[in-house]
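Below is one structure, written out as structure tokens; the observations come after it.
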Amino acid sequence: HDVGAVGGPILVGFDQPTLWYAGGVIRRLTGTVRQSHSEVDASSRHEVGFVPGTAIAVRADAWFEINGFNTSYFLYNEDIDLCLRLHRNGRRLLFEPGMSCLHDLGETTGSSHRSALYLEQITRTRLRPFRPRAYQIYLGAVHTLYNIARILRLFLRHGRSARTQIRAIIRGHIGALAEVIQPR
């Protein structure tokens, strides 16, 4: 009964489905996720660091222990938050190869095209799932450097035509830092 949630292979692309998720980890040093795209990983049951909200099955008792999804999230990282809270409650997360789904990645929010909505929201909620507050402050510094690099890359690749995306990243990062700085 220590399993909190289970997920399986997630495929993207209706014409020629491609493996998008075969398990993954949360990198503590950077507060980012790393997904496996390995067919070998996709074929075996194993413990994972997170399960995407795209297709997650959560045990009812585990769900009620942590009060389900945190409703303060608008878009993105609510699944990371849920998985971290399950971990903190002593629950394991498993990858089950027989539980697969086909995902229409990014069609609702434009994430597949890095829309301004996607960039702002993914940036705004990136620090929120992590505890304690001192760790969030550390990640805020790490993500400040990361976002400067993202902005420079966008500008160097696209020049002034990337203004909308750059502004979205800045708005999102300011929002993320404000959440970390404000007292709880």
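Entry remark, region 26-66: residues being on the phi > 0 side of the Ramachandran plot and either over 19 Å from the mean Cα position of the chain (by Cα) or assigned to a helix (DSSP H, G or I) (or both) number 0 in total. In this structure, is Leu82 part of a strand (DSSP E or B), crowded, with 17+ Cβ neighbours inside 10 Å and not assigned by TED's automatic domain parsing to the domain that holds Gly172? No. Evaluate the following for Asn77: is it modelled with pLDDT of 95 or more and within 27 Å of Ile166 (Cα to Cα)? So Asn77 passes the test. Listed by first and then second residue, the pairs linking a residue in region 160-177 that is over 12 Å from Asn147 (Cα atoms) to a residue that is surrounded by 14 or more Cβ atoms within 10 Å (Cβ to Cβ) and aromatic (Phe, Trp, Tyr), with Cβ atoms under 6 Å apart and 6 or more places separating them unless they lie on different chains, are Ala162/Phe155. Among the residues of this structure, Arg150 counts as one that is modelled with pLDDT of 95 or more, within 27 Å of Pro52 (Cβ to Cβ) and either surrounded by fewer than 20 Cβ atoms within 10 Å (Cβ to Cβ) or touching a Cys at 6+ places or on another chain (Cβ under 7 Å) (or both).
The values are calculated or read from the model by the stated rules, or taken from the named source; none is laboratory data. Not measured: the values here are computed from a predicted model. Note: ideal-geometry Cβ built from the backbone for every residue, glycine included; neighbour counts use all protein chains shown.
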